[in-house]
């Protein structure tokens with residue numbers, strides 16, 4: 001099944017690169033984003049989808065992001081972390097690529113469009129003050145609100161599937177959660193991205 | 001989605017529109033922003049002209065568009081505003097700010113289901129995905145009348161005090177009414193009630209607009225299969241599998257009668273006569289019976305072979321009763337004496353379901369093999385055979401305007417057909433067999449019963465005929481005719497003008513202008529003319545001949561003159577409007593574009609072709625400068641230029657311009673837009689005029705391709721029937737090889 005999905009090259013015009021934390025605490029939010037994307041007719045893309053191959057990580061991320069018309073970025077995990085209180089800059093870095101592609105598109109793609117998610121009262125403007133003037137979407141850490149924020153954006157994009165309400169997606173989250181749990185049993189923590197997307201598609205079709 | 005509630009808009013109330021009411025003491029009351037009439041207006045930031053004009057129209061109709069506040073958080077403004085007007089133009093699609101505003105408005109409507117979102121699609125802009133299945137208004141950026149009409153709809157929506165929020169929970173695509181073991185469904189004639197027959201022995205009465213429970217009829221002991229309302233809505237009849245038909249009073253909920261089938265066979269279908277005096281039942285015993293309401297059998301109709309009947313229907317004039325069942329024929333009976341009048345051989349293995357179109361001219365019958373036959377009732381001839389279902393057709397329903405036919409089948413699909421096409425225009429999936437369907441009486445919704453649910457679908461605007469007519473029809477039913485209301489408003493302000501001093505007199509004249517514009521929009525030329533002339537006179541007296549308020553009445557007076565084919569007068573009026581507008585804004589203002597086009601058209605009509613070309617060229621340059629070279633409005637004026645060249649018999653030049661217009665439309669509206677199809681049709685006609693069959697065919701085929709693509713797309717854009725006919729004419733000409741001269 002994974003192979004068939006990998007063989008199915010996603011349509012760049014409907015691809016959305018998801019630049020969000022992968023940790024366990026964030027997982028419900030990530031799952032909600034993935035399911036929302038699928039329900040609204042888009043194809044979730046991630047740095048995880050190409051797995052551990054012998055291509056530098058940055059190249060893989062850039063390829064994936066630049067072959068997606070859209071991207072979603074969550075700056076939740078940019079604050080200090082661990083004993084040494086290190087901030088993580090991967091997500092702002094990838095956001096920068098998206099902004100660059102928005103300003104000066106390379107290749108055949110149309111202008112890249114991106115959406116920024118931040119937790120409510122997040123001090124992003126203090127550590128990336130250059131983002132002042134953009135309009136990030138705030139959420140309170142709940143899947144309900146994140147689904148609403150992401151849907152509110154997707155349903156204004158060309159090619160989105162309308163006629164849905166956030167409750168339609170939230171109603172399918174439980175089925176997706178079960179599928180995700182089964183995948184975790186099978187694969188451990190490293191569930192292949194294509195399998196996750198397939199599970200989301202199955203849940204969306206319920 | 002909350003927006004679905006708009007489809008329930010019923011009246012265009014001019015008095016409500018201006019938001020001024022007279023009290024019993026002769027005073028006037030005006031609404032304020034505090035009354036909840038605040039509007040957030042989302043417009044493309046680059047189109048200030050549209051923004052200003054739309055703001056003006058909103059203000060003129062008593063709404064309060066919020067002025068942009070420096071430093072204010074626009075998200076908060078959207079959240080706080082009870083009404084959000086989204087002006088969705090091609091420019092808005094490319095504006096990050098606009099899309100953010102749409103997104104914020106959409107999210108806000110999810111949080112606050114009382115919020116009204118009112119999208120106006122400007123210049124045929126594509127609707128964003130979140131508008132799927134919702135009502136929106138279309139307008140040209142060049143015509144204030146469109147904007148006025150759209151805002152009137154909004155005013156009516158707010159003024160009616162309806163709560164779209166309640167509707168939203170029901171009427172979205174995913175929304176369904178739960179009804180365990182739902183079988184037959186029926187709307188009352190006024191659409192107020194939706195009845196559902198359930199296998200657990202109840203008739204559920206739901207509110208036709210919101211889906212809320214109104215009453216539950218029946219004791220739960222009978223297996224209710226079908227249901228129907230009397231024409232006046234006072235009675236509802238349900239047929240049970242237990243050889244009983246029950247009648248209830250819809251107001252009191254009391255059972256008023258029960259009819260026992262004499263043979264003990266189950267009644268398969270019931271129908272009230274159009275005059276409401278009798279009830280017909282079809283039985284598994286092969287007998288159709290007419291009953292009065294004392295339960296007395298009036299007449300019996302017995303098919304020759306006495307095979308089980310499945311369906312029954314009255315002709316809309318009540319003269320005939322038709323029956324269908326397992327004898328494979330449709331039998332037509334005289335309702336007065338029960339005599340058989342005619343028999344239609346269907347070719348179906350059985351007749352499972354039937355329905356008359358509301359005009360009585362067409363009858364449709366569905367069979368167990370998924371096939372349907374359409375009949376011309378007067379000629380007793382089949383006119384079409386519709387195929388597509390992969391299971392027995394269980395129910396059929398015509399839309400009230402007779403334009404659409406819906407069919408439901410065991411394959412779990414509801415298919416929508418236009419009666420002049422043999423391919424469905426839509427295919428709506430359901431979970432499980434679909435047992436019953438019906439269009440709502442206002443034609444806005446389609447209800448379908450399948451698998452314990454009633455799915456409610458919104459009929460796309462593009463598939464409905466006479467959008468304004470339906471609104472007006474509802475207006476007549478619910479309130480004084482809008483024309484009368486307009487007269488009242490006009491008279492009110494005329495009195496005001498006579499009685500008050502100069503400043504107020506000028507203000508009254510502005511009101512008169514609005515009334516004149518509205519009358520013109522209604523096509524009431526004489527009434528519009530007199531009020532606009534009166535307004536001009538009053539404004540000139542109080543403000544002088546160059547007062548900016550004169551632009552609108554001059555413009556509209558010109559349009560009235562044009563409608564009456566009084567071209568010299570139209571030229572004079574448009575000249576005046578342009579002169580004043582130029583005094584106000586100079587020669588480089590975007591609002592001049594529409595005036596120049598109107599004047600150019602008037603000049604063309606009176607054969608001043610050089611002058612017309614000059615004006616169209618000027619309009620084109622102006623629009624290209626302000627709107628961009630690839631704007632649909634630019635394409636429109638290029639088409640005008642092409643028309644002038646055609647009139648000059650400069651066919652080559654006309655062809656170049658038509659191609660140019662089509663290219664602009666392709667780039668700005670998309671390659672499959674109806675406007676592109678229209679331009680291709682014009683190119684085809686031009687080729688025909690030049691006797692160029694190959695080119696003509698090529699344009700016609702391209703046009704046909706767009707028509708087909710649009711017909712099979714999920715979107716709501718459709719090509720007019722006129723274009724369809726035009727293409728057919730071109731292809732006929734190409735194939736027939738007619739001599740060129742006959743077609744000129």
For residue B:687, the lone unmet condition from (1) in a helix (DSSP H, G or I); (2) over 29 Å from residue B:424 (Cα atoms); (3) modelled with pLDDT under 90 is (3)
Restricted to segment B:95-138 and to residues being at pLDDT below 75 and away from chain A (no Cβ under 14 Å), the residue farthest from the chain's Cα centre (by Cα) is B:123
Is it true that some residue in segment B:262-278 is over 35 Å from the mean Cα position of the chain (by Cα), in a strand (DSSP E or B) and surrounded by fewer than 16 Cβ atoms within 10 Å (Cβ to Cβ)?
no
Restricting segment A:140-156 to residues that are touching a residue at least 40 places away in the same chain (Cβ under 8 Å) and surrounded by fewer than 23 Cβ atoms within 10 Å (Cβ to Cβ), the one farthest from the other protein chains (Cβ to nearest Cβ) turns out to be A:141
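Yes/no per residue for (1) surrounded by fewer than 19 Cβ atoms within 10 Å (Cβ to Cβ); (2) within 21 Å of residue B:640 (Cα to Cα); (3) touching a strand residue (DSSP E or B) at 6+ places or on another chain (Cβ under 6 Å):
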| residue | (1), (2), (3) |
| --- | --- |
| B:533 | yes, no, no |
| B:550 | no, no, no |
| B:570 | no, yes, no |
| B:573 | no, yes, no |
| B:581 | no, no, no |
| B:600 | no, yes, no |
Restricting segment B:617-638 to residues that are over 18 Å from residue B:586 (Cα atoms) and in a helix (DSSP H, G or I), the one modelled with the highest pLDDT turns out to be B:638
Taking segment B:709-727 and keeping residues at pLDDT below 85, part of a helix (DSSP H, G or I) and surrounded by 13 or more Cβ atoms within 10 Å (Cβ to Cβ) leaves B:709, B:710, B:711
The one condition residue B:298 fails out of (1) more than 20 Å from residue B:200 (Cα to Cα); (2) assigned to a loop (DSSP other than H, G, I, E, B) is (2)
Among residues of segment B:402-425 being touching a helix residue (DSSP H, G or I) at 6+ places or on another chain (Cβ under 9 Å) and in a loop (DSSP other than H, G, I, E, B), the residue surrounded by the fewest Cβ atoms within 10 Å (Cβ to Cβ) is B:420
Of all strands (runs of 3 or more DSSP E) fully inside segment B:139-258, the set with 3 or more residues that are at pLDDT 70 or above is B:182-187, B:193-198, B:203-207, B:213-217, B:224-229, B:235-240, B:244-249
Reported set for segment A:37-51 where residues are within 14 Å of another protein chain (Cβ to nearest Cβ) and either within 10 Å of the chain's Cα centre (by Cα) or without any contact (Cβ under 8 Å) to a residue 40 or more places away in the chain (or both) is A:37
Quick check: is even one residue across segment A:168-191 within 14 Å of chain B (Cβ to nearest Cβ) and either surrounded by 22 or more Cβ atoms within 10 Å (Cβ to Cβ) or in contact with a strand residue (DSSP E or B) (Cβ under 6 Å, 6 or more places away or on another chain) (or both)? yes
Apart from one, (1) without any contact (Cβ under 8 Å) to a residue 24 or more places away in the chain; (2) within 26 Å of residue B:451 (Cα to Cα) all hold for residue B:254; the odd one out is (2)
If we keep only residues of segment A:83-108 that are in contact with a helix residue (DSSP H, G or I) (Cβ under 6 Å, 6 or more places away or on another chain) and at pLDDT below 75, then the residue surrounded by the most Cβ atoms within 10 Å (Cβ to Cβ) is A:88
If we ask which residues in segment B:282-295 are in a strand (DSSP E or B) and farther than 13 Å from residue B:333 by Cβ, their number turns out to be 2
Wholly inside segment B:45-116, helices (runs of 4 or more DSSP H) that include 1 or more residues that are closer than 25 Å to residue B:673 by Cα are B:48-60, B:90-93, B:96-111
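The values are calculated or read from the model by the stated rules, or taken from the named source; none is laboratory data. Note that the structure is predicted; figures quoted are calculated from it, not measured. A quick note on method: Cβ atoms are made from the backbone with ideal geometry, for glycine too, and the neighbour counts reach across all protein chains shown.
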